[in-house]
Each structure stands twice: as structure tokens, then as C-alpha cells.
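Before any comments, here is the structure.
The values are calculated or read from the model by the stated rules, or taken from the named source; none is laboratory data. Everything quoted here is computed from the prediction, not taken from an experiment. Cβ sites come from the backbone with ideal geometry, for glycine too, and all protein chains shown count toward neighbours. SASA here: full protein model, heavy atoms, side chains in, ligands and nucleic acids out. Shrake-Rupley method; radii C 1.70, N 1.55, O 1.52, S 1.80 Å.
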Amino acid sequence: TTLSFDATQAAVLRMPGSPARVELAAGSLVREDGQPISGSTRVALTPIDPSADIARMPGLMVDAASGAPIESLGALTIEFTDASGAPLNLASGQTATIRIPATPAEGATLPPTYPLYHLNETTGRWTQEGTATLRTDPATGAPYYEGTVSHFSTWNADQVMVSSSLDLAAS
């Protein structure tokens, strides 16, 4: 979904029919050179359901710090542009609240909090930055993870994969 809004005003930008959402303060977006913007701005919100097809996830599904595999409960790509199509991001010191639709595998129980990761587009690895809290969207009844971010990218509610092994040779 692509939405237009005035960047000089506070905004709650929501994808219709989905809990996917970004909430930001007035004047919090800047160009790559740090210059504030005014006037018409666009945001593209793209929820990703890794339970339907993990190949939809960008990058490598590994933790940047440890290299361990990670598993996702949902992701959201957020891209802001000005009227000329130039990319925008949050100004230094600004934050935004995001809502990532929770898309667990069938039968999975959603934990009340989950690590929040963002994609490092240079390395293709995921970096943990904060925690997201499970909530339910009153408009749709759908679960989502909400967290606070300091920049825009693809954000992912995921964790290092939990696995166990069984040694059949041990007695």
C-alpha cells in the first residue's frame, strides 16, 4: 500500500484491512543529506508473511552478531519518499512506532514480546534493535507486534532459532 501525507503534520499511516501501521511525529522525516522536508510525502508499507513462503523475506535469515539462523513471526518493509521520489528517513534523535502483522505458522502460540530486528541492506543480515510487544488490532482483530524504531528499513519480529538435538548413540 502506498499512502500520501503532509510530512509537516503528525501522521498515523495504516494499510487498509491490516494492522500494518507507522506512527510518526510532525517534521520527523529528513532527506539523506539531513535536510527536513515539507509538503507531500509518500510511504510504501509492505507486510511480509514468512509463514506463507520464507523466500519472501529479504536478506539472509541470520542474526548479524552471531550468524545463527533466525525465525520470523512477520515483517514490514517501510519506505518513505518525497514528491520527487528521493528516499527519506527519520531525523537523528527521532523515533516512530511501527506495527508488524503477526503471521505465525498454523498452531503456533504467539509470545507476548519478541525481539525486533532490522535488515542491514549492505550485509543482508538482520540486526536486533529492541523488542516488540504483541497486541490485537481492534479494527481487524488481527495480532501484531508493536515496537519503536529510530530508522526505516524492513523490520522483522523474529528471534534466534531455537533447536535441540538428540544423540541416538548415547546410552
Which condition number does LEU76 fail, the rest of (1) open to solvent by 70 Å² or more (accessible area, probe 1.4 Å); (2) under 11 Å from the mean Cα position of the chain (by Cα); (3) not aromatic (Phe, Trp, Tyr) being met? (1)
Taking the condition farther than 21 Å from ALA20 by Cα, part of a loop (DSSP other than H, G, I, E, B) and not hydroxyl-bearing (Ser, Thr, Tyr), does GLY124 pass? yes
Among (1) open to solvent by 70 Å² or more (accessible area, probe 1.4 Å); (2) over 20 Å from VAL160 (Cβ atoms), which single condition is LEU60 missing? (2)
Restricted to region 2-50, and to residues that are open to solvent by 60 Å² or more (accessible area, probe 1.4 Å), within 20 Å of the chain's Cα centre (by Cα) and hydroxyl-bearing (Ser, Thr, Tyr), which residue is nearest to TRP155 (Cα to Cα)? THR46
